[in-house]
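Notes follow once the structure below has been shown.
The values are calculated or read from the model by the stated rules, or taken from the named source; none is laboratory data. Not measured: the values here are computed from a predicted model. Neighbour counts run over all protein chains shown; Cβ positions are idealised from the backbone, glycine included.
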Amino acid sequence: MDELSTNELQKLARDHLWMHNRDWEQMNKNSEPMIVVKGSGIRVEDSNGNSWIDLNGGYNSVNVGYGRKDIADAVLNQASKLPYFPATTTTLPTVDLVTKISELAPGSLNRTFPTSGGSEANETALKVAWAFHKRRGDSGRYKIISRRGSYHGATGGVMWLGSTPIVPMIDYEPSMPGMLYAPQPNAYRCEFNSQSDSECAYRSAKAIEDLILNNGPDSIAAVIAEPVSVPQGAVVPGEEYWPMIREICDKYGVILIADEIVCGFGRTGKMFGVNHWDVVPDIMTVAKGLVSSYLPIGATIVRDEIADFFAGDQKYLRHIFTFSGHPVSAAASLANIKVIEQDSLVENAKLTGEYFKNKLEKFKEKHNVIGDVRGTGLLLAAELVSDRETKEKFDPSLKVNESITRKFHARGIIFRVSTNILNIAPPLCITREEVDEVCVAIDEVLTELENELGIS
């Protein structure tokens, strides 16, 4: 295979590979997909020897960057010693990993169920929530509150959470029963036309309480939310929001699930997103940053007060994934966390993220196509509009997102824009010099776009 040309490899991919969110007929027209062969830091190299900046960091997931030999060595070492384990046993790296997670996680989030990825982690969180209520005699609690426009995974249960229009569900209807949807605390597009971050945060949190009361508290199992909403473009809620929903969940006996799949392990400039508000959820899910995508792994982390209901004869959670606690993935995760700590990547995400965001704010002054700049750490976004005064979005027929993606591609940057929002999530190892390099391209792309659309 190594001796095949790029064109031959691309044809094999189009003939046999079912890539997610890609159409093989369209890829054929565009001489795609790109075949990447190696990477280092924020850059990857394709099969033709071209170097590219990955501005999305994989799927917001390559936190420590590409090409970390220390992680690769940890994988090889563990795979050489023990690639898997007999049933009813565990392994040293798995024990070390869950111990490390309990040290990092806030409060009494002390019991970890390993999974193979983020969707499985959130599926596990739902099952724990449902089972917990049944075990304490609240068998009527089955409804789950999520926020409109969120995304929590692609598997059978969690795909109905959030109901994001980016992932239409028409092929999979009818929906799972008991799914309820609350507003996003997005001050820029607040459903309540609020005039401030605080007002939008308060009213959005109050809307969750209203959903609980209107449906009956005894029917609500859990509330699930990302600390910073990714599909909506790095929405950081007002300071009141997370403390309020923590208080609301406590008041009505509802489990609070924080989806840290993207936010966790430094992405927001703190180890976990909830750390920004000193809130401890009942369940926290992690995946992407846990291993920086070097191998598949995720985890559902549960407070002792909930996990204790699953201890005792025949009380264990009847739930299993074959690759849960995989020792090679665990070894990769431990090496990844070591890199995050030794290279001070959480601090770099905070400081370099502030630098990056300030540059985007200056672009907002220059480019009328930017309606809003938001985010924290290296989870940032610039929302593009056709009219800044009305906040009107671009007509989908203009295919602005595809145009922007192509323009970045022409400048050696892999940056897939799926909506009118530039979601920016590079590896946490990005430097200020690399931010400057990226920002030159952003400035050029926005200028070119405005000229084409007649926006001044």
**Q.** Residues that are among the hydrophobic types (A, V, I, L, M, F, W, C), in contact (Cβ under 8 Å) with a residue 60 or more places away in the chain and under 30 Å from Val339 (Cα atoms), drawn from segment 393-421
**A.** Phe408, Ile413, Ile414, Phe415
Q | In segment 61-77, the residues that are farther than 15 Å from Ile337 by Cβ and either in contact with a strand residue (DSSP E or B) (Cβ under 6 Å, 6 or more places away or on another chain) or crowded, with 22+ Cβ neighbours inside 10 Å (or both) | A | Tyr66, Gly67
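Of all residues in segment 132-154 being under 15 Å from Arg303 (Cβ atoms) and modelled with pLDDT under 95, which is surrounded by the most Cβ atoms within 10 Å (Cβ to Cβ)?
The qualifying residue surrounded by the most Cβ atoms within 10 Å (Cβ to Cβ) is Arg135.
Search segment 272-313 for residues being part of a loop (DSSP other than H, G, I, E, B) and out of contact with any Pro (no Cβ under 9 Å at 6 or more places or on another chain), and hand back the single one that is nearest to Arg68 (Cα to Cα).
We begin by selecting, within segment 272-313, every residue part of a loop (DSSP other than H, G, I, E, B); these are 272, 277-282, 287, 292-297, 311-313.
Those left that are additionally out of contact with any Pro (no Cβ under 9 Å at 6 or more places or on another chain): 282, 293-296, 311-313.
Values: Asp282: 33, Ser293: 12, Tyr294: 9, Leu295: 13, Pro296: 16, Ala311: 39, Gly312: 42, Asp313: 44 Å.
By that ranking, first place goes to Tyr294.
Would you call Lys38 part of a helix (DSSP H, G or I), free of Cβ contacts under 8 Å to residues at least 60 places away in the same chain and among the basic types (Lys, Arg)? Outline the logic, then answer.
On the way: part of a helix (DSSP H, G or I): no; free of Cβ contacts under 8 Å to residues at least 60 places away in the same chain: yes; among the basic types (Lys, Arg): yes.
The answer is no for Lys38.
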Q: Mind listing just one residue for me: the one in segment 231-275 that is more than 20 Å from Asn336 (Cβ to Cβ) and in contact with an Asp or Glu (Cβ under 6 Å, 6 or more places away or on another chain) and, of those, surrounded by the most Cβ atoms within 10 Å (Cβ to Cβ)?
A: Gly233
Q: Among residues belonging to segment 208-221 that are under 19 Å from Glu240 (Cβ atoms) and crowded, with 19+ Cβ neighbours inside 10 Å, point out the one that is nearest to the chain's Cα centre (by Cα).
A: Ile208
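If I ask for residues that are out of contact with any helix residue (DSSP H, G or I) (no Cβ under 6 Å at 6 or more places or on another chain) and crowded, with 20+ Cβ neighbours inside 10 Å, which ones from segment 379-403 would you list?
Start the filter on segment 379-403 by keeping residues that are out of contact with any helix residue (DSSP H, G or I) (no Cβ under 6 Å at 6 or more places or on another chain), which leaves 379, 381, 383-393, 395-403.
Those that are out of contact with any helix residue (DSSP H, G or I) (no Cβ under 6 Å at 6 or more places or on another chain) and crowded, with 20+ Cβ neighbours inside 10 Å: Leu379, Ala381, Glu383, Leu384, Val400.
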Q. Taking segment 63-108 on its own, how many of its residues are out of contact with any helix residue (DSSP H, G or I) (no Cβ under 8 Å at 6 or more places or on another chain), within 30 Å of Val37 (Cα to Cα) and either in a helix (DSSP H, G or I) or of a type in the set (A, V, I, L, M, F, W, C) (or both)?
A. 5
Q. Do any residues in segment 232-252 that are in the same structural domain as Leu378 (by TED's automatic domain parsing) have Cβ atoms under 9 Å from those of residues that are modelled with pLDDT of 95 or more and among the aliphatic types (A, V, I, L, M), where the two are at least six apart or on different chains, and which pairs are they?
A. none
Q: Could you please find all residues in segment 80-115 being surrounded by fewer than 15 Cβ atoms within 10 Å (Cβ to Cβ) and among the hydrophobic types (A, V, I, L, M, F, W, C)?
A: Leu82, Phe85, Ala87, Leu92, Val95
